[in-house]
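The values are calculated or read from the model by the stated rules, or taken from the named source; none is laboratory data. If you're wondering where the values come from, they're calculated on a predicted model, not measured in any experiment. Every residue, glycine among them, receives a Cβ derived from its backbone with ideal geometry; neighbour counts consider all protein chains shown.
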Amino acid sequence: MKIGVLSDTHRMIKNINKAIPYLKECDLIIHAGDNFSDSKYIHKATNVDIIAVKGNCDFEHVEDELVFEVDKKTIFLSHGDSYGVKNGIDRIEQKAKGVNADIVIFGHTHVPFQKNKDGIIYINPGSLSLPRGVEYKSFIIIEIEDEAIKIEEIRI
């Protein structure tokens, strides 16, 4: 299973279009919010199923967090603002443990982040629009095969 993960695209279609060729090769796309409407554009451009939540800049009446299973892995998806991720992952870590997550995907900080802690993988794909802390725009490709999880950061 190949999963494209992005966040904080903020309607910057020019940058989203640079990611589309990679995302077309995925089995699933996950968008961690800001801007939820971009998930609709990405789905139309790729014809790949997409799971998305709203972020703090979104006004759609959609979920702001989801827990779901992909290839026997439980994924917790949140934009992250309601868990104070700009100040660390402590609060989102508590939630992740509470829902028995294997993978946590969040955005909000615009800073790429990957950490494996207590058997839970935390991923922030960074931003395709306004990166912070780095000089590149980014998203993530996750490959799940049996028990193995491979994470690749794509820079554009």
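Hey, among Ala96, Ala32, which residue is modelled with pLDDT of 95 or more, over 17 Å from Ser138 (Cα atoms) and aliphatic (A, V, I, L, M)? So that I can check it myself, show each step before the final result.
Working: Ala32 fails: over 17 Å from Ser138 (Cα atoms).
Checking each option against the conditions leaves just Ala96.
Inside segment 64-82, can you point out the residues that are in contact with a strand residue (DSSP E or B) (Cβ under 9 Å, 6 or more places away or on another chain) and either of a type in the set (A, V, I, L, M, F, W, C) or farther than 21 Å from Ile142 by Cα (or both)?
If the condition is that a residue be in contact with a strand residue (DSSP E or B) (Cβ under 9 Å, 6 or more places away or on another chain) and either of a type in the set (A, V, I, L, M, F, W, C) or farther than 21 Å from Ile142 by Cα (or both), then Asp64, Leu66, Val67, Phe68, Val70, Ile75, Phe76, Leu77, Ser82 are the ones that fit.
Condition test on Gly4, is it surrounded by 24 or more Cβ atoms within 10 Å (Cβ to Cβ), in contact (Cβ under 8 Å) with a residue 40 or more places away in the chain and part of a loop (DSSP other than H, G, I, E, B)? Lay out the reasoning, then the answer.
Values: surrounded by 24 or more Cβ atoms within 10 Å (Cβ to Cβ): yes; in contact (Cβ under 8 Å) with a residue 40 or more places away in the chain: yes; part of a loop (DSSP other than H, G, I, E, B): no.
No; evaluated as a whole, the condition is false for this residue.
Check every one of the strands (runs of 3 or more DSSP E) wholly within segment 114-156 and list those with 1 or more residues that are closer than 16 Å to Val85 by Cβ and of a type outside the set (Gly, Ala, Ser). Lay out the reasoning, then the answer.
Details: elements: 120-124, 138-145, 148-155.
So the answer is 120-124, 138-145.
Name every residue in segment 47-63 that is buried (at least 16 other Cβ atoms within 10 Å of the Cβ) and touching a strand residue (DSSP E or B) at 6+ places or on another chain (Cβ under 7 Å), in order of residue number.
Passing the criteria: Val48, Ile50, Ile51, Ala52, Val53.
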